[in-house]
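What follows is a short report on a single structure.
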Amino acid sequence: MELRVLGCSGGEAEGERLTGLLVNGRVAIDAGSLTLALRLSEQIAIRHIFLSHSHLDHICTLPFFTKNIFGHVEVPVEIHALPETLDALRRHLFNDELWPDFSVIPSPDKPVIRYSEIVPGEIYEVEGLHITPVPVNHLVPCVGYRVEDDHSAFIFTSDTAETDAVYALANATQKLSFFITEASFPNEQAWLAEASKHLTPAKLGAELKKLKKDVPVAIYHLTPGERPIMMPQLDALKHPKLRLLNQDERYVW
Ligand SMILES: [Zn+2]
Ligand SMILES: [Zn+2]
């Protein structure tokens, strides 16, 4: 399995892309940076997109992606997400006001994208991968994902405050190779993390005690301007496997 980090920042600026992962060139998880990180030919190769939740930093390149692939795909690209997330896309984004409804263009029976509701705990088999959504704790309904093939697995919690199910799933995953979770705000902004359902480094430290697997833990979603304050706070956790997730990195397991 090849995991490519398209974007992993909690804010957008030059050189800082929003959340998006690409697995084996065919399956995307979140769509914060598809059109910024990928060539046109790489965008056209994507067959499935699994969304964690409806917040803009996880979906904002979907409109430009749909326009780019229009006319280049025979089979609709499947957008897998919770019903609440799909509802938000239908009502607020692909509503013909902000962007054309590409779920019925060019025709309802042969559209550019097709919505596909996911159920947490179910396992979805796509492109030789097994993908399991797991509920996490965020401002809107949100899932993390476990992505597995025959040899390895990784988990991406997406945006979350304190949560349990994703750690239980990680601990039950025999071939877990990698665990990605978030830290969004410095310890001094614990109130903001609480209000927006994110983690600080201190809260992350308490969360990671639930992880019983000895695997690398990669942190994403740092607020760009707070990085100088957050880095020493992450170091202070003295977690031997902790590191930052880096944009444009590729992992092969
Ligand atoms: Zn969010
Ligand atoms: Zn986010």
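Here are the numbers:
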quantity	calculated
Any hit, the range 27-45, residues being free of Cβ contacts under 8 Å to residues at least 24 places away in the same chain and in a strand (DSSP E or B)	yes
Which numbered condition LEU56 fails, given (1) closer than 20 Å to PRO100 by Cα; (2) more than 16 Å from ligand 2 (Cβ to nearest atom); (3) open to solvent by 10 Å² or more (accessible area, probe 1.4 Å); (4) not acidic (Asp, Glu)	(2)
The listed residue being surrounded by 16 or more Cβ atoms within 10 Å (Cβ to Cβ), among the charged types (D, E, K, R) and in contact with a Leu (Cβ under 9 Å, 6 or more places away or on another chain), out of GLU249, GLU207, GLU226	GLU207
Residue check for LEU244: more than 16 Å from ligand 1 (Cβ to nearest atom), closer than 22 Å to MET1 by Cα and open to solvent by 30 Å² or more (accessible area, probe 1.4 Å)	yes
Search result, residues across the range 144-159 that are farther than 21 Å from ILE59 by Cβ and either within 16 Å of ligand 2 (Cβ to nearest atom) or part of a loop (DSSP other than H, G, I, E, B) (or both)	ASP149, ASP150, HIS151, SER152
Selected residue [closer than 24 Å to GLY128 by Cα, within 16 Å of ligand 1 (Cβ to nearest atom) and surrounded by 24 or more Cβ atoms within 10 Å (Cβ to Cβ)] from PHE156, PHE185	PHE156
When residues of the range 188-201 are limited to those that are more than 13 Å from ligand 2 (Cβ to nearest atom) and open to solvent by less than 60 Å² (accessible area, probe 1.4 Å), the one nearest to LYS238 (Cα to Cα)	PRO201
Residue ID - nearest to ligand 2 (Cβ to nearest atom), chosen from residues in the range 19-53 that are of a type in the set (S, T, N, Q) and over 18 Å from HIS138 (Cα atoms)	SER33
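The values are calculated or read from the model by the stated rules, or taken from the named source; none is laboratory data. In this text, all values refer to a predicted model and were calculated from it rather than measured experimentally. Don't worry about glycine lacking a Cβ; one is built from the backbone with ideal geometry, like all the others, and counts go over all protein chains shown. For the accessible areas, the whole protein counts, side chains as well, though only heavy atoms, and no ligand, DNA or RNA atoms are used. Shrake-Rupley method; radii C 1.70, N 1.55, O 1.52, S 1.80 Å.
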